[in-house]
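Inspection log for the structure reproduced underneath, given as structure tokens.
Rule-based calculations on the coordinates, nothing more; no lab input. These numbers come from a predicted model, not from an experiment. Cβ: placed from backbone, ideal geometry, glycine included. Neighbour counts: every protein chain shown.
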Amino acid sequence: MTHAHHAQHADAQLGHAQLGHAQLGHTPHGHAQHGNPEHGHHQHEDEGQGQAEILDLDAEVLGEHIAAITAWLPLQVAPRRIVDLGCGTGAGTFALLDRFPDAHVTAVDSSAGHLQRLREKACARGVDDRVRTVRADLDAAEWPDLGTPDLVWASASMHHMADPDRALRQVRELLAPGGLFAVVELAGFPRFLPEGAPEERPGLEERCHTASDGHHAEHVPHRGADWGPKLTGAGFTLDGERVVTVDIDGAHNEAVAAYALGSLRRLRLSVADALAPEDLTALDRLLDTDGPQSVLRREDLVVRTERTVWAARRGN
């Protein structure tokens, strides 16, 4: 079977956990949906579409930062077999394909829609013969056959695992001897507004982040974890750790404006019940695309956040 055929047809139906991938400031697109694989299918279709759009914008706005991480990886030789765990719509997959032109990537996610979008992109870029997609629930006790990769990449997906320590051990067993595991995690939602914005409710974004942190502490307890000790505890040797600071001027940048709109919309989902009514009203004004205070009309947007990457090696 050719790789092109894999890229078109290799979605193993192995679960429906919305594991998702890397949105930098991480919208809540990745929370696991356990139980009946069809539970909530229709009600999540629109949400899944919104997730995919955010992931695509993430790749567009933050592409240089993702490329910088792939260039930093302490690899002894260029990998030829790569697994992208929680690949989303392919931000990491395509960065890795660009960085390592002789490599093939197995892209793994629980969302059929994300994988379909990734395959369409692969075909449009002419790299469909280098991509295999696998639909899988990575919280399952057994994973599908993902080969024996030289590099495993997990960007903004590990913190969604129900049992991350078990998942780390599974990655170690998966890797070829001497292979590298790159874990990329997030500092939280990105910031988009100046500190004094909006004028009627200065500090609104920071209050939203405080509320979001409380929500995620309850529902996503592994977000913000120090993965270094966890990796060594799973039997890896830590080869490096790096913090990547993101500070992008979004003035006159339509992609940044759309990214801010989508991200703040998803932030609202997790904080609406915790905000003061005046803050919620101010946030809704920012999200009203037809209103004069819409984020789409602002010329002072930025993208500020951090990513941390850990590079861990399996022994020979």
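Brief remarks follow.
- Separation between Cα centres of the range 117-183 and the range 46-95, rounded to whole Å: 12
- Relative exposure of W153, W227, W310, judged by other C-beta atoms within 10 Å (fewest first): W310, W227, W153
- Packing-based exposure ordering (other Cβ within 10 Å, fewest first) of C208, C123: C123, C208
- Spin-label pair E306/R125, simplified geometry with 7 Å Cα→Cβ offset, distance in nm: 2.9
- Selection of GluC sites (Glu not before Pro), the range 91-178, meeting DSSP coil and at most 11 other Cβ within 10 Å: E142
- Residue order, fewest to most surrounding Cβ atoms within 10 angstrom, among I82, I248: I248, I82
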